[in-house]
Structure formats: C-alpha cells, structure tokens
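S.K.: Next up is a structure, given as structure tokens.
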Amino acid sequence: MEFGSPEAAGMQAYAEELRSMFMRMQDEALDLHKKARAVQVTETSRDGLVSATVGPRGDLVRLDIDPRVYRRPDSRHLADTITETVGRAAAKARERVVEIFEPVIPPEQMAAHIDGDIETVMRQLAERMTGER
C-alpha cells in the first residue's frame, strides 16, 4: 500500500476516528461506566406471577414469585416463565448499556462487543479501515 493511495487514506481516516473516539471515551469513561454499572431492568411475566430484575450483564439480581403460582403447580411452566422473563429483562439491560455508550461507541459495534461476536467486530474494523462503511 503506497502513501496517498485510497487504502492509506482510509486507514488514516480510521486512525483519526479511533483517536477521536478514544479521547471522547477517556473524557467520558468514568461517568459512562458508572451509568452502565448501575443499570437494572425489571420485567414481569405475561401472567404477572414472576418478576425478574437483572443487572447490566443480564445477571439475575432479584426474583419475585407470586404465591398464586401454587394454585397451579406446574414446575415446567414456572421454569419456562422464569427463563422467558429473565431473558426479556437481560435483552432490555443490554439495550440500555448500548444506549449509554452510544455517544462514544457506535451501537452496532458496542452490541457486537457485548455479544462477544468477534467476527462482526473484525468485519466492522476491516470495513472502517478500508473506508467501506
């Protein structure tokens, strides 16, 4: 790749963008990190008998089960209800963390990082370096 080529210009532009993003992140990192760590999302099951609260990583913080579940003792249904409710809460918590970091990290890039989707992260990196966005 020679100096002044479109590829070099694309890499230079991406390097500048990364530098700018890094400077913004450095300025805002502690505040954003505090906000992200404080995320808690509560979801209630469709039947209203299960309430689940999760943290920013989707980890279960609190689970409330209404005593009315004993009127219909179906452990499989209860387990499925809990799993589905926690899943919805975790998805909303993930969305909230992506929103918090949106001022400094593009949402699709943050989502890929949270999901551990290294293929998408690497593809986005390559596209940005070559100016293909």
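The values are calculated or read from the model by the stated rules, or taken from the named source; none is laboratory data. Remember, it's a predicted structure, so these values are computed and weren't measured experimentally. Counting neighbours? That spans all protein chains shown, and the Cβs are built from the backbone with ideal geometry, glycine included.
S.K.: What is the number of the single condition among (1) more than 14 Å from the chain's Cα centre (by Cα); (2) without any contact (Cβ under 8 Å) to a residue 12 or more places away in the chain; (3) more than 30 Å from residue 10 (Cα to Cα) that residue 123 does not meet?
M.R.: Unmet for residue 123, out of (1) more than 14 Å from the chain's Cα centre (by Cα); (2) without any contact (Cβ under 8 Å) to a residue 12 or more places away in the chain; (3) more than 30 Å from residue 10 (Cα to Cα): (3).
S.K.: With respect to the numbered conditions (1) under 24 Å from residue 115 (Cα atoms); (2) among the hydrophobic types (A, V, I, L, M, F, W, C); (3) at pLDDT below 95; (4) surrounded by 13 or more Cβ atoms within 10 Å (Cβ to Cβ), which one is the sole condition not fulfilled by residue 22?
M.R.: Failed condition: (4).
S.K.: Looking only at region 85-105, which residues are touching a residue at least 12 places away in the same chain (Cβ under 8 Å) and assigned to a loop (DSSP other than H, G, I, E, B)?
M.R.: 103, 104, 105
S.K.: Another question about this same structure. Taking the options 29, 36, 112, 79, name whichever one is at pLDDT below 95 and loosely packed, with under 15 Cβ neighbours inside 10 Å. Walk me through how you get there before you give the answer.
M.R.: On the way: 36 fails: loosely packed, with under 15 Cβ neighbours inside 10 Å; 112 fails: loosely packed, with under 15 Cβ neighbours inside 10 Å; 79 fails: at pLDDT below 95.
Of 29, 36, 112, 79, the one residue that is at pLDDT below 95 and loosely packed, with under 15 Cβ neighbours inside 10 Å is 29.
S.K.: Among the numbered conditions (1) more than 16 Å from the chain's Cα centre (by Cα); (2) within 30 Å of residue 126 (Cα to Cα), tell me where residue 56 comes up short.
M.R.: (1)
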